[in-house]
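In what follows, a structure is listed as structure tokens, so that the remarks can point back to it.
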Amino acid sequence: MKYFLPDSQDLVDPSFDFERERRSATRLRQRDDLYAHEIFAERVLDGILVSKGIVDGSENSGGRYTLAQRHRLLRVGAREFFRIERKDNMPIATMGDCGAFTYVKDQVPPYTVDEVIQFYVDCGFDYGISVDHVILAYSTEWDKPGAEVPAELRERQEITLELAQEFFTRWKDDHLPFEPLGVAQGWSPRSYARSAQQLQKMGYRYVAVGGMVPLKTTEILAGLEAIDGVRRKDTRLHLLGVTRTEQMHAFARMGVESFDSTSPLRQAFKDEKDNYHTMDRTYVAVRVPQVEGNPKLQKRISSGNVPQGKARELERACLDGMRRLDADEVKVEVVLDALQRYDELCGVPSSHRDAYREVLTDRPWKQCPCDVCRELGHHVILFRGAERNRRRGFHNTWVFYRKLARELGGGVAEGTARESPRARRVSASEVFS
């Protein structure tokens, strides 16, 4: 089972000073900042998935790349851009995707097959996913006799299959240097099975199953079971955006060979309470927002309701308390009182005191052997700024990868990414000449 981490340009600055909260004056982001696979001495992923929608899109549509980054990715290719070659002893695969969620509200995909193929070839991906159109509706009721499926859902599936056929024909006729994946979209178990069956008839032996991110686990399993009923023995499946660690054995039995997800990383700073992961449970991160970066607090300071000096004093008391707690110099309740006073000053009802008491009593970062926790200490549990939050996300990814290994009996951590089918990089001019 291979785990691909979708790229959203999540990097961390190795020069960042957590005590003084300053960066090196000579730091250059693209040159110096590090990806998750560069932070750890051990493997944390098998591949990186790059979406054209993320690379091309604006900030409003989910874009994460500057114009300079986009040009460099297309010029040097994914392996050099992500500095994968530096990990020769831990091969990492690259997969290209069109990023269907970035245009889910459009009537038709904004990309042509030729545009997506050119993107894949320019980037030198090992795998390329066909252009698809997400179906965000699901019900087993639509499999019942006489049920009327909305026309829009049928249209999106037909668009996806037509584009998959065009994609596969181009790949085969032009001998393109990546392995193709056709996308199965559906609104019910039977419709997913139909889509997978059509893709196999086209010639696909690697099928990406899309649109399942919002589904319940039982619905995902029902869809995969239906696909498995028509799946050839040599057809493998990739789950787009799906993370269900406890179901990995069931997924594997139904032909799932790989999947991608940002959930472990994103939970570090998007979730209300499950911010720090361990092998057996999760903890809330301790929120100490920066005075300058807290809009609600800044509004109270500007209105004169809160003295800025007082805000800085309480902020510093929280940070000093966390540092001293980590050094066993103060009791947990002392830190909890400081955190509560700062929450009240910020105008935020303190609803985390019990959860904070639990994490500050257990101090799980002290037992964690990952490179992030060993380097950061208590800073990893602070919900405060991108440098801490992203590193906590990297820690979560490290834990998640080891949970997969535990669930699958070591198959993830000891596995290696599939060898690239490319004998050499092929330029876009060769493909489109």
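Quick notes on this one:
- Helix-only CD estimate at 222 nm, as mean residue ellipticity for the chain, using -39500 (n - 2.57) per DSSP H run (n ≥ 4): -13000 deg cm²/dmol
- For Glu179, the residues 5 or more places off, or on other chains, whose built amide H falls under 5 Å of its own are Tyr127, Gly128.
- Solvent-accessible area per residue for the chain (1.4 angstrom probe, square angstrom): 45 Å²
- With distances taken between every two different alpha-carbon atoms, the chain has a Kirkwood hydrodynamic radius of 23.5 Å.
- For segment 253-330, size of Cβ-based charge dipole, Lys and Arg +1, Asp and Glu -1, in debye: 460 debye
- Helix 217-230 and the longest principal axis of the C-alpha atoms of the chain enclose an angle of approximately 20°.
- For the chain, the relative contact order is 17 percent, taking Cα pairs closer than 8 Å that sit 6 or more residues apart in sequence and dividing their mean separation by the residue count.
- Hull shadow area, averaged, segment 118-275 [alpha-carbon convex hull, nm²]: 10.6 nm²
- If you take the Cα centroid of segment 348-398 and the Cα centroid of segment 128-204, the two points sit 42 Å apart.
- Heavy-atom accessible surface of segment 248-407: percent carbon and sulfur, 1.4 Å: 47 percent
- Options Trp171, Thr140, Leu153, ranked by Cα towards positive dipole end of segment 91-171, top entry (Cβ charges): Thr140
- Cβ-derived FRET efficiency at R0 51 Å, Glu257 paired with Arg20, nearest 0.05: 0.65
- Charged-residue dipole, Cβ positions (Lys, Arg, Asp, Glu), the chain about Cα centre, Debye nearest 20: 640 debye
- Computed over segment 106-189, Kirkwood Rh from alpha-carbon pairs, angstrom: 14.0 Å
- Which of Leu376, Pro214, Trp187, positive extreme of dipole for the chain (C-beta unit charges): Leu376
- Taking amide H atoms as placed 1.01 Å from N in the peptide plane, the amide H of Arg287 lies under 5 Å from those of Phe383, each 5 or more residues away in sequence or on another chain.
- For the chain, the longest principal axis of the Cα atoms and the long axis of helix 332-345 meet at an angle of about 80 degrees.
- Inter-probe distance in nm under a simple model that places probes 7 Å from Cα toward Cβ, at Glu42 and Val108: 5.0 nm
- Cα-based helix-to-principal-axis angle, 308-326 vs the chain, degrees rounded to 10: 80 degrees
The values are calculated or read from the model by the stated rules, or taken from the named source; none is laboratory data. Quantities reported herein were computed from a predicted structural model and do not represent experimental measurements. Counting neighbours? That spans all protein chains shown, and the Cβs are built from the backbone with ideal geometry, glycine included. Heads up: the accessible areas ignore ligands, DNA and RNA and are worked out on the full protein's heavy atoms, side chains in. Shrake-Rupley method; radii C 1.70, N 1.55, O 1.52, S 1.80 Å.
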